[in-house]
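Please treat every number below as a calculation from the coordinates, not as lab data. These numbers were taken from a predicted model, which means no experiment stands behind them. Cβ atoms come from the backbone with ideal geometry, glycine included; neighbour counts cover every protein chain shown.
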């Protein structure tokens, strides 16, 4: 016979609801990790998300109760969300749209502890919008920031943004990268690794440098900038090969450019073997217009693969001195930095070592759960209770 673990935070078990929207892979993976850690500490967790997210991330397998909720503001979806929240001590939404839906669902709802149900919102990224749509997003951000008891930003840029939008309490809360995926290369690339040789052979990069980019093919990921930079190494012998893993709306346009400009670039499509691709690569390139806490940057540094990235958002805060950073939009600087690194194996080795050291200092999944749980305790502590010292 098994027993439920005693709550590490005291009193009766907290009942929490985690709300996901469409959910990027990073935020959904974070909720999966958070649910598992909270359940292990005696917290009751309900995850409201799409069936696709449950299938991909297995919230139920982590010990959470899964409630199917559409990521829209339709009456049926909002009714399901409100029903899931009716007995919650605290609701934690992940992302702007999830935060908006949660704030509406909680309107007028009284928690089992007698007061309003506290809402915590984690901002994992920011919306990339222009024109009239940007104004709508600005208003949404204001409403969500002001509705939350606490806004957690995964990088300082997002914390500052929440404060600018009127958050009463905004805090830095870096999200831990999940444990290394099977097949990764925690020790970094090795020239005599048969699996690495096989991957490079399949890509056509046996006797040429291999550059890797991973991310959705959308305008904000900066792949056009990468293609501009690729012209700089067309004259090299052998030509470096740039492999781009990911799918998205820009695929056809990028492929047309690659074909018409005869660029040494391959679009790999969606790949589930990113650790193997990392192990095969000489460099990882991240040309994004903005990143909060890039998953591929974290995976590259952890695996000891040198990284060249644009100096935007939370990237500098994440990588410190363990990567080469260039100004966004400067294809010449990006190309020059890549070429300099390809010509300097000593510098590449130094970056690989620095990357692993930087990654060792990032918060662990346990650290992330502990920080979030301390926020929950603070918000659900009965009035007049003194926190233990």
At what distance in nm do the modelled label points of residue 364 and residue 224 sit from each other, each positioned 7 Å from its Cα along Cα→Cβ? 4.4 nm
Simple spin-label estimate for residue 256 and residue 169 in nanometres, 7 Å along Cα-Cβ: 5.2 nm
Calculate, for residue 138 and residue 198, the FRET efficiency according to 1/(1 + (r/R0)^6) with r their C-beta to C-beta distance and R0 45 Å; round to the nearest 0.05. 0.35
What percentages, rounded to whole numbers, describe P(r) for the stretch 16-87 computed over all alpha carbon pairs with 5 Å bin width beginning at zero? 3, 19, 30, 25, 16, 5, 1
Would the stretch 194-360 count as rounded, prolate or oblate if I go by the C-alpha gyration tensor, calling it rounded below 1.5 in a/c and otherwise prolate when a/b exceeds b/c, oblate otherwise? rounded
Which residue, 208, 302, 316, tops the fluctuation ranking in a GNM of the chain built on C-alpha contacts under 10 Å? 208
With springs only between Cα atoms under 10 Å, which of 107, 200, 171 fluctuates most in a Gaussian network model of the chain? 107
Label point 7 Å out from residue 78 along Cα-to-Cβ: which residues of the stretch 91-133 have amide N under 16 Å? 97-109
Grab the beta carbon distance between residue 12 and residue 128, set R0 = 30 Å, and tell me the FRET efficiency rounded to 0.05. 0.10
Approximate spin-label separation residue 272-residue 22, in nm, with each point projected 7 Å along Cα-to-Cβ: 2.3 nm
In whole percent, what relative contact order does the chain give with Cα contacts below 8 Å and a gap of six or more residues? 13 percent
